[in-house]
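**Q** Mind looking over this structure? Questions follow.
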Amino acid sequence: MPPAETPSEAPPRLLPGPVGAPWVPRPVTNLLEAQIALVAQGISGGSIDGVAGAQSAAAIRAFQLKSGLEQTGRLDRETIRALRLDRPPFATFVVTPAHRERLVRIPPTWLGKSGMESLDYESILELVAESAHAHPSLVRRMNPGIDWAAATPGTAVAVPDARFPPARRIARIRIGLAGRQLRAFDEHGGLVAHFPCSIGRIAEKRPVGSLHVAVVAKDPNYTFDPAVFPESAEARTLRRRLVLPPGPNNPVGVAWIGLDRPGYGIHGTPAPEQVGRTESHGCFRLANWDADYLRQMAWVGLPVSVEP
């Protein structure tokens, strides 16, 4: 299992430049900027945190592959020269009344969740962090003066400006079990996107081989089957399946890309910080923002290769 990427203690230094001055594209200067710039290339290293680790190294290798560079996984001189910031790396997120209205208190039980109208965000910090593809700890460090429990409309939050390029149709998905990564390619074999992913915890149930996308859904609900969760005391007492409503805290997050093997799919998660470091119940789990971006590029019949 890849080592955990623990957020560093020092806050990032914001470099907004003179007010009104045009941005001049330049190479990245540190890992935090690199993580942000990689997103603009369609490459995700998981939750942006500015910390070196296995997921960041894999994302850098993906960029090096895409750029025809030696795949070192490090921000070496050639990589820094090629990886540029075409816009300022940071932006301001302003909390609105609509953001506050989305917040819900999610029950701890499966039965309680099934009775909700939506499994939306539980806090402004969670909402802001997911919108910026960021680790909540990074957002906290970037905004030390904010009382997150009392973040009212009008609160301005400094965040990474992480934006994927426009989605385009892909020709193939390749999932590497050993590297816990999912990559999407175009019809010419060029890399379009890279994401870290969690894989099934039971090796015998991992669907190695050739599959195809059978369904693509945005904001899906989730059918809870007690038989799939024998480790849950609640599941052992339930005698029926439950349908959980959509939302970012739904067990499959904001997107479902079902495969042509019953019960298997690529999907989001309510815990993006754990992607690539924890195991799923058989599917391939991505951060919500990665799953939704992949959803926009996927199509029914899309080939998916699952490799050891």
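**Q** Residue by residue through segment 255-270, which ³J(HN,Hα) values in whole Hz follow from phi under the Karplus form 6.51 cos²θ - 1.76 cosθ + 1.60 (θ = phi - 60°), with glycine and proline marked x?
**A** With coefficients 6.51, -1.76 and 1.60, one gets 8, 9, 10, x, 9, 7, 10, x, x, 10, x, 10, 7, x, 7, x Hz.
**Q** Sorted from fewest to most neighbouring beta carbons within 10 Å, what does the list 110, 148, 299 look like?
**A** Going from sparsest to densest Cβ surroundings: 299, 148, 110.
**Q** Can you give me the long-range amide H partners of residue 134? Hydrogens built in the peptide plane at 1.01 Å from N, cutoff under 5 Å, separation of 5 or more residues or another chain.
**A** Here the answer is 48, since their amide H atoms fall under 5 Å of that of residue 134.
**Q** Which is farthest toward the positive dipole end of segment 26-85 among 51, 31, 65, measuring Cα position about the Cα centre, with Cβ charges +1 (Lys, Arg) and -1 (Asp, Glu)?
**A** Among 51, 31, 65, the one farthest towards the positive end of the dipole of segment 26-85 is 65.
**Q** What's the Cα-based Rg to Rh of segment 90-160, Rh via Kirkwood?
**A** That ratio equals 1.02.
**Q** With r as the distance between the Cβ atoms of residue 305 and residue 52 and R0 = 41 Å, compute the FRET efficiency 1/(1 + (r/R0)^6) and round to 0.05.
**A** Step by step, r from the Cβ atoms, then E = 0.90.
**Q** Taking all pairs of different Cα atoms in segment 191-250, averaging 1/r and flipping that mean, what Kirkwood radius in angstroms comes out?
**A** One over the average 1/r among Cα pairs gives 14.8 Å for segment 191-250.
**Q** Evaluate the distance, in nm, between pseudo-label points positioned 7 Å from the Cα of residue 65 and of residue 215 along their respective Cα→Cβ axes.
**A** The two pseudo-label positions are separated by 3.0 nm.
**Q** Would you kindly compute the Cα radius of gyration of segment 26-85 and its largest Cα-Cα separation (Dmax), both in Å?
**A** Gyration radius and largest Cα-Cα distance of segment 26-85: 9.8, 26 Å.
**Q** Send over the per residue convex hull volume for segment 16-159, Cα only, as a whole number of Å³.
**A** 144
**Q** Averaged over every viewing direction, what's the projected area of the C-alpha convex hull for the chain? Give it in nm², one decimal, please.
**A** It is 16.8 nm².
**Q** Then there's this: Ignoring everything except DSSP H segments at least 4 long, calculate the 222 nm mean residue ellipticity for the chain; use -39,500 (n - 2.57) per segment, divide by total residues, nearest 500.
**A** Taking each H run of at least 4 residues, the total per residue is -6000 deg cm²/dmol.
**Q** Any chance you could run the full-extension gain for residue 111 through residue 234? It's 0.36 nm times the residue separation minus the Cα-Cα distance, nm to one decimal.
**A** Length difference between fully extended and current span is 43.4 nm.
**Q** Kindly state, as a whole number, the per residue volume in cubic angstrom of the convex hull around the alpha carbon atoms of segment 217-287.
**A** Output value, Cα hull per residue: 92 Å³.
**Q** Moving on. Quick one: plug the Kirkwood hydrodynamic radius of segment 108-210 (C-alpha pairs) into Stokes-Einstein at 10 °C, 1.306 mPa s, and report D in µm²/s.
**A** 90
**Q** Determine, for 117, 234, the number of other Cβ atoms within 10 Å of each Cβ, and report the residues in order from fewest to most.
**A** 117, 234
**Q** On to the next question. Which of the peptides 66-75, 255-264, 283-292 is most tightly packed, and how do the rest follow, judged by the mean count of other Cβ atoms within 10 Å per residue?
**A** Put in order of decreasing packing, that is 283-292, 255-264, 66-75.
Bear in mind that the values in this text are calculations on the coordinates, not laboratory data. Everything numeric in this text was worked out from a predicted model, so none of it was measured. Because the Cβ atoms are built from the backbone with ideal geometry, glycine has one as well, and the counts that use them run over all protein chains shown.
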